[in-house]
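For reference, the structure discussed in these notes is given below.
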Amino acid sequence: MNLANPLKRLSALLIDWLMFYIFRFALTAISAMMALHHNGAFKSGSGLTPAEKLELSIATHTSLMFGVLTTNTLAAVLFSIFIIRTSKRSSASYGKILSGIKLIKIDGSPITYLDASLRFLPYIIFMIGSILITFIGDVNKINELKGFAPAITFDLMRVWNMIGITWVVGSFAWIFTNSQRRAPHDLLAGTAVIKTSLTKERTIA
């Protein structure tokens, strides 16, 4: 079986996530500009009292918080649907297509939406965690402006990112522990990754 090179799999992952972060950044930038404009953050605050400036700052941060929450959630949902749909319809995400690799089922059956969803599940969990942690961080900032002590005093996002990096590194290390080069999410979905030059899918012995 013409198994995909692990470096090709890494390049596919990087391409997919680069697309996601560009899309999310664009949505977040638009949302932030709208929130700042709505709350008058671009206007001069020279005529405001300290209390009014604080009230404006809290209102702006609150608008930004819900704007970021909305855009992050929207980006994660649309990206997940995009990856799952292309994985089902084309047996590959755009990153895999550009890297010259694709998915096959171990038993030779077609990729289903359930297979694609199970395979992408760890990354969905990571995105949900990132959204919640970002929201918690924003709530902490607003509480600090109001004079309250932050609920969490350590860098939760850094811890979560380290967990995500550990998962990615561990998944690629796992590829080298078996002859079929299957990562943990391949085992979960019953899939393997091959080069697209092998056009005929077949059952792995």
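Overview of results
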| item | result |
| --- | --- |
| Cross-link reach list, aspartates and glutamates versus K8, counting only Cα pairs under 13 Å and skipping chain neighbours closer than eight places | D16 |
| In order through segment 80-90: 3J(HN,Hα) via Karplus (6.51 cos²θ - 1.76 cosθ + 1.60), integer Hz, x for Gly, Pro | 4, 4, 4, 5, 5, 5, 5, 5, 6, 6, 10 |
| Qualifying trypsin sites (Lys or Arg not before Pro) for segment 73-164 [loop in DSSP, other Cβ within 10 Å: at most 14] | K146 |
| Ranking of S99, S109 by count of other Cβ atoms within 10 Å, fewest first | S109, S99 |
| 5 angstrom amide H check on A4, placed H, neighbours 5+ away | V193, I194, K195 |
| Lysine pairs in segment 66-205 with Cα atoms under 16 Å, if 8 or more residues apart or on separate chains | 9 |
| Residues F25 and I125, FRET efficiency given R0 of 25 Å [Cβ-Cβ distance, rounded to 0.05] | 0.70 |
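Coordinate-derived values only; no laboratory data. Keep in mind that what you see is a predicted model, and the values were worked out from it rather than measured. Please note: Cβ atoms are built from the backbone with ideal geometry, for glycine as well, and neighbour counts cover all protein chains shown.
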